[in-house]
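Only one structure is covered here, and it is reproduced in the block below.
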Amino acid sequence: MTAINSKLDAITGLTMILTITWLTNKKYRLIIGLSFLGCIFPDLIDLFPAIINKQIGLSLPIIEKIFPWHLHNYSGSIYSDSCNNSTLNHILLLLTVSIVVWCRRTDAKLIFKSNI
């Protein structure tokens, strides 16, 4: 299994975040936006400086990884293009979120109901 292109991954993720936040009922936009920010915060802290250095050629300082899923033991996709751990983590996350949303589907519908 090959790794996903990091530029495509970032663009797709940002597009999804902005679209879902925009489609959210105005009453819930702040909490949805902050939730998404919380989702990408670990990547911004651990990976952003190295990505910017690579893409733009800057020399931002690289600090030791803080979040465990970015450590070598838990994230093969960052270090060796082996996506097995990352794929398993994403599948488990998707399954968990799907179960929670299905169990709370009435509440989930309210989040995307029109303000009109």
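The values are calculated or read from the model by the stated rules, or taken from the named source; none is laboratory data. Computed from a prediction, not measured in an experiment: that's the story for all the values here. Because the Cβ atoms are built from the backbone with ideal geometry, glycine has one as well, and the counts that use them run over all protein chains shown.
A few comments on the model shown:
- Some residue of region 38-60 being more than 23 Å from Leu14 (Cα to Cα) and at pLDDT below 90: yes
- Count of region 20-46 residues which are farther than 30 Å from Lys109 by Cα and touching a residue at least 24 places away in the same chain (Cβ under 8 Å): 1
- Hey, Ile91 over 20 Å from Ile31 (Cβ atoms), at pLDDT 85 or above, surrounded by fewer than 10 Cβ atoms within 10 Å (Cβ to Cβ) and not acidic (Asp, Glu) or not: no
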